[in-house]
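The values are calculated or read from the model by the stated rules, or taken from the named source; none is laboratory data. These numbers were taken from a predicted model, which means no experiment stands behind them. Using ideal geometry, Cβ is built from the backbone for each residue, glycine included, and neighbour counts are taken over all protein chains shown.
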Amino acid sequence: MKNHIRALLAAVLPVLLLITAIPSIADTEPVVSAADTFQETAVIRKKLIPLKTELETKSYQYGSSGNFNWNEVSPVSDFFDQNGTYTIAYADENTVYISHIGKNLAISDTIEIARPMPLIGGVCCGADGKFYIACGQNDEKRDHSVMTFAIYQYDSAGCFLSKCEDRDSLNPEEDWATSRPFSSGNCAMAFRGNILICSYGRGMYNGHQSNKVFCVDTTTMERNRDYGSYTSHSFNQAVLVTNILDEGAVVFADHGDAYPRGFHININREPIQYEYCQGQVPFHFYGDIGDNHTNARLTGVGELESGIVLVGSSAKSLTAAEKNEKQQMFLQILDFDTVEPILSASSRTGGSKTEDAESKSEAYTDKGIVWLTNYKSAEARASAMVPIAKDKVLVMWEKWDKNGKFVNSYYSILSSTGKILKKAVPMQHARLNGAEELKYQDGFVYWVYSDGMTPYAELYQMDVTKTSKDNILEAVVTVTGSTAYTGKAVKPSVSVIYEGKKLKKGTDYTVSYTNNKKIGFGQIKVKGKGRYHGTLVREFVLAPAVKGFTGSYTKGTTGTTGTLKLSWKKAAGATGYELLVLDSFFGPPQSKSSEGFPVYSKQIGKTKTSYSEKLPQNKNSTYYIRPYTDVNGQRIYGDWSDYVYTYLLH
């Protein structure tokens, strides 16, 4: 990682690890027997929702140090608005979209806002019904000539009202000001009354990286300096405003790599008006200050009646052995006043360098650790957590095998005293967004995941009050047949695999289809038969398809510029077409926002089945096209065509 803090000395004194032997919640992945109808599985509704662009909800990026080291901003924000309506927000190159989700988990309406700045950190909604966008831009010249961070305010219809800018970036004397917002970290926002508190990862003009706390009074849109916290090398951030243990205390949590080095908790019990204050470290990382290697991830913090609950994943050892260990999920509950762990659970002892011990490794003992997993060769990756009552917390995680392949997701529910109420319940292979907090309401948790491959997101709603014993829910259903729109009922083939075994249609399950004639989202219902019980519902995109995409190039009279002509067959049911142009040659596009090559797209009218443009003879570009159909204000895209590469046409 560039521009990082390095300690003066690199020597670390190893300290033997001491772990109290207390069983983990999940020693191995739960095995579900087809004959075991008593195995619990999560009750989840999964819906595909159309987006205006492709987005990838990545979690913790793979760093140069050899592990997934720092988080990043989620491209999708989600929240409940002032009316309690679940809402998602995201952006493309020009526009921020805020979509309300109805009870059927479909988009009911979408507000469009001109993108205020090049970078979007997050979107939230206040009790006043106004929307707030944390945004910014990089100061590439590093000359303090660019406003790098601001919070914009909009009314409930998306009309601009005001903004509050961090003008420190314009002051040449402010070396600690933000030069690169949302760098090597996340962006967390929370309301304390009319004060909006934002903590985000950023690069500074002095070359270092940390979190930055920026607060704004939403009634005046003036900057507020009542709350603050500082962590150097803050790779993930969380903000919590309490209402059980204390009315309105602000809890900051950071994944710290340097000052301090560990999961850092700072509680502002009242306004402090000091930006760079620090708190306590209940969970340390082995190694040197600024190693850019922690082998850990911060999941989040929450409030229970017994204290502050801290959830994360980490290597179990606090010694050099951690470099060869896989991350396991853990939980601590911290006393609100002392920030000391309160549970009688596992402990670990080892060495870590801190601000107070720069020249040597200091011994620490982390206490009260409830290990949720103990995988031997697999590891926990993306994770999420949320309190679901004043005495219960829900924790989710993804399990990945030793080959780096996703296995399944699981959840556990624990009490405020650390008692296990639900033990590693499988979650129907649901995928998690580890850069955005879970949202909880009336017995259900919500989240959004998108893989960046298509302009759709997976919206999940999980019932935390019950589980199912229907074992077919844990089968993996893959659509293997065509889903192209034909005007007739479309019935794509499916493959159904349960615990590595391919099931037989007619013997182990039956298949039925609904909503499979019109353009939109069709449904496949896989009903268990014989030893398999229950009905698994999966959606597929029923969309038009482009065929016969070809190109030709005619040289001009000068010999340097000619005309490229692309043509294709009319796609049944298409409203229009989108042409994607990539500089040089690349494989099938995964995302219009993919890094590493220039890319642009053009919308082409419905009646068009060809496209022409002037093109230099030595210009090599790759073209793809896909059809789309507008249905009830939502755009449904077909698949990208095969490519046309101009180098082959010259």
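Looking across Thr417, Thr454, one residue alone is farther than 24 Å from Glu72 by Cβ and not in a strand (DSSP E or B). It is Thr417. Scanning segment 487-517 for residues being surrounded by 14 or more Cβ atoms within 10 Å (Cβ to Cβ), assigned to a loop (DSSP other than H, G, I, E, B) and of a type in the set (Val, Ile, Thr) gives a total of 1.
One residue alone among Thr465, Thr478 is farther than 30 Å from Asn186 by Cβ and without any contact (Cβ under 8 Å) to a residue 24 or more places away in the chain, and that residue is Thr478.
If I ask for residues that are over 16 Å from the mean Cα position of the chain (by Cα), part of a strand (DSSP E or B) and under 21 Å from Gly443 (Cα atoms), which ones from segment 72-104 would you list?
The first filter runs over segment 72-104 and keeps only residues over 16 Å from the mean Cα position of the chain (by Cα), leaving 80-86, 92-104.
Right, trim to part of a strand (DSSP E or B) and you get 80, 86, 95-101.
Residues satisfying the conditions are Phe80, Tyr86, His100, Ile101.
Only one of the numbered conditions (1) in a loop (DSSP other than H, G, I, E, B); (2) of a type outside the set (D, E, K, R); (3) without any contact (Cβ under 8 Å) to a residue 40 or more places away in the chain; (4) more than 25 Å from Arg635 (Cβ to Cβ) is not met by Gly434, and that is (3). When you scan segment 620-634, do you find a residue that is in contact with a strand residue (DSSP E or B) (Cβ under 8 Å, 6 or more places away or on another chain), modelled with pLDDT under 80 and within 24 Å of Lys52 (Cβ to Cβ), even just one? There is no residue in segment 620-634 that is in contact with a strand residue (DSSP E or B) (Cβ under 8 Å, 6 or more places away or on another chain), modelled with pLDDT under 80 and within 24 Å of Lys52 (Cβ to Cβ).
No other residue among Val407, Val445, Val395 is more than 17 Å from Asp463 (Cβ to Cβ), more than 15 Å from the chain's Cα centre (by Cα) and assigned to a strand (DSSP E or B) apart from Val407. For segment 105-119, check the following and say yes or no: at least one residue is surrounded by fewer than 23 Cβ atoms within 10 Å (Cβ to Cβ), under 17 Å from the mean Cα position of the chain (by Cα) and not assigned by TED's automatic domain parsing to the domain that holds Glu54. There is at least one residue in segment 105-119 that is surrounded by fewer than 23 Cβ atoms within 10 Å (Cβ to Cβ), under 17 Å from the mean Cα position of the chain (by Cα) and not assigned by TED's automatic domain parsing to the domain that holds Glu54. Would you confirm whether any residue within segment 386-401 is at pLDDT 95 or above, over 24 Å from Val448 (Cα atoms) and surrounded by 18 or more Cβ atoms within 10 Å (Cβ to Cβ)? So far as segment 386-401 goes, no, none of its residues is at pLDDT 95 or above, over 24 Å from Val448 (Cα atoms) and surrounded by 18 or more Cβ atoms within 10 Å (Cβ to Cβ). The set of residues in segment 195-228 being part of a loop (DSSP other than H, G, I, E, B) and either free of Cβ contacts under 8 Å to residues at least 12 places away in the same chain or within 27 Å of the chain's Cα centre (by Cα) (or both) consists of Gly207, His208, Thr218, Thr220, Tyr227, Gly228. Only residues that are of a type outside the set (A, V, I, L, M, F, W, C) and farther than 23 Å from Cys135 by Cβ were counted across segment 86-108, and they come to 4. Among the residues making up segment 148-170, those that are closer than 30 Å to Thr87 by Cα, surrounded by fewer than 18 Cβ atoms within 10 Å (Cβ to Cβ) and of a type in the set (A, V, I, L, M, F, W, C) are Ala157, Cys159, Phe160, Leu161. Please go through segment 403-431 and give me each residue that is free of Cβ contacts under 8 Å to residues at least 60 places away in the same chain and surrounded by fewer than 23 Cβ atoms within 10 Å (Cβ to Cβ), ordered by number. Once the filter is applied, which keeps residues that are free of Cβ contacts under 8 Å to residues at least 60 places away in the same chain and surrounded by fewer than 23 Cβ atoms within 10 Å (Cβ to Cβ), segment 403-431 yields Asn403, Gly404, Lys405, Phe406, Ile413, Ser415, Lys419, Leu421, His429, Arg431. The number of residues in segment 547-561 being modelled with pLDDT of 90 or more, more than 26 Å from Lys518 (Cα to Cα) and surrounded by 12 or more Cβ atoms within 10 Å (Cβ to Cβ) comes to 4.
Of all residues in segment 457-486, exactly one satisfies the criterion of being of a type in the set (Phe, Trp, Tyr) and part of a strand (DSSP E or B), namely Tyr460. For segment 290-338, taking the residues that are out of contact with any strand residue (DSSP E or B) (no Cβ under 7 Å at 6 or more places or on another chain) and not in a loop (DSSP other than H, G, I, E, B), the one that is surrounded by the most Cβ atoms within 10 Å (Cβ to Cβ) is identified as Glu322. With respect to the conditions (1) in contact with a strand residue (DSSP E or B) (Cβ under 7 Å, 6 or more places away or on another chain); (2) closer than 26 Å to Gly307 by Cβ; (3) not β-branched (Val, Ile, Thr), Ala389 lacks only one, and its number is (1). Taken together, the residues in segment 242-277 that are of a type outside the set (Phe, Trp, Tyr) and surrounded by fewer than 19 Cβ atoms within 10 Å (Cβ to Cβ) amount to 13. Within the option set Asp78, Asp92, being at pLDDT below 95, among the acidic types (Asp, Glu) and surrounded by 14 or more Cβ atoms within 10 Å (Cβ to Cβ) holds for one residue only, Asp92. For segment 481-491, the criterion of a residue being in contact with a Phe, Trp or Tyr (Cβ under 9 Å, 6 or more places away or on another chain) and either of a type in the set (A, V, I, L, M) or under 21 Å from Ser74 (Cα atoms) (or both) is satisfied by at least one position.
For segment 59-75, taking the residues that are surrounded by fewer than 16 Cβ atoms within 10 Å (Cβ to Cβ) and in contact with a strand residue (DSSP E or B) (Cβ under 8 Å, 6 or more places away or on another chain), the one that is modelled with the highest pLDDT is identified as Gln61. Answer yes if at least one residue in segment 350-365 is among the aliphatic types (A, V, I, L, M) and outside any loop (DSSP other than H, G, I, E, B), and no otherwise. Yes.
Just so you know, in segment 609-650 the residues that are among the polar types (S, T, N, Q) and over 13 Å from Asp583 (Cα atoms) include one that is surrounded by the fewest Cβ atoms within 10 Å (Cβ to Cβ), and it is Asn632. Scoring Glu174 on the criteria (1) closer than 17 Å to Asp217 by Cβ; (2) in contact with a helix residue (DSSP H, G or I) (Cβ under 8 Å, 6 or more places away or on another chain) leaves a single failure, condition (1).
Scanning for something over 17 Å from Asp139 (Cα atoms), surrounded by fewer than 24 Cβ atoms within 10 Å (Cβ to Cβ) and among the basic types (Lys, Arg), does segment 171-188 turn up at least one residue?
Looking through segment 171-188, none of the residues is over 17 Å from Asp139 (Cα atoms), surrounded by fewer than 24 Cβ atoms within 10 Å (Cβ to Cβ) and among the basic types (Lys, Arg).
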